[in-house]
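**Student:** What follows is a structure written as structure tokens; I'll ask about it next.
The values are calculated or read from the model by the stated rules, or taken from the named source; none is laboratory data. Since the structure is predicted, the reported quantities are computational estimates derived from the model, not experimental observations. Please note: Cβ atoms are built from the backbone with ideal geometry, for glycine as well, and neighbour counts cover all protein chains shown.
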Amino acid sequence: MQLKYSIKRTALVVGILALVSITAVAQDSRSEISIQGTGFFTKDTAGNGVFERANETGGFLLGYRYNFNRWLATEANYGYDRNTQFYFGSTPARVQSDIHGRQSLGQNERRST
């Protein structure tokens, strides 16, 4: 039992060290790529005989940055989420929306700490 715990702990430490070393190597590059998760977490509402329920959904945000030098870069981002809302009243309905977000920044100043 103790050996099994030790192997898992060692694997976790090696994994974290590998991830940190990959991040350190990536900082020397002029190009940066980022992937992030996003989410909508909403509350249900009711009033005037209508009950509205929105689903909790997840999405993603992709980013790319090119560094010309230490203080000058250009960046582009794209995000996507899908949200569905359900209305219950005299006439039930469902509204589904795809949410796209784009941002493109020209030569922006990047400050290092």
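**Student:** Mind checking which residues of region 53-82 are surrounded by 13 or more Cβ atoms within 10 Å (Cβ to Cβ), touching a Gly at 6+ places or on another chain (Cβ under 9 Å) and either free of Cβ contacts under 8 Å to residues at least 12 places away in the same chain or farther than 26 Å from Glu32 by Cα (or both)?
**Tutor:** Thr57, Arg82
**Student:** Moving to a separate point now. Only one of (1) at pLDDT 85 or above; (2) out of contact with any helix residue (DSSP H, G or I) (no Cβ under 8 Å at 6 or more places or on another chain) fails for Thr91. Which number is that?
**Tutor:** Going through the list (1) at pLDDT 85 or above; (2) out of contact with any helix residue (DSSP H, G or I) (no Cβ under 8 Å at 6 or more places or on another chain), Thr91 breaks only (1).
**Student:** Just to be sure I understand, how many residues within region 23-38 are surrounded by fewer than 10 Cβ atoms within 10 Å (Cβ to Cβ) and either in contact with a helix residue (DSSP H, G or I) (Cβ under 8 Å, 6 or more places away or on another chain) or at pLDDT below 85 (or both)?
**Tutor:** Residues flagged as surrounded by fewer than 10 Cβ atoms within 10 Å (Cβ to Cβ) and either in contact with a helix residue (DSSP H, G or I) (Cβ under 8 Å, 6 or more places away or on another chain) or at pLDDT below 85 (or both) within region 23-38 amount to 5.
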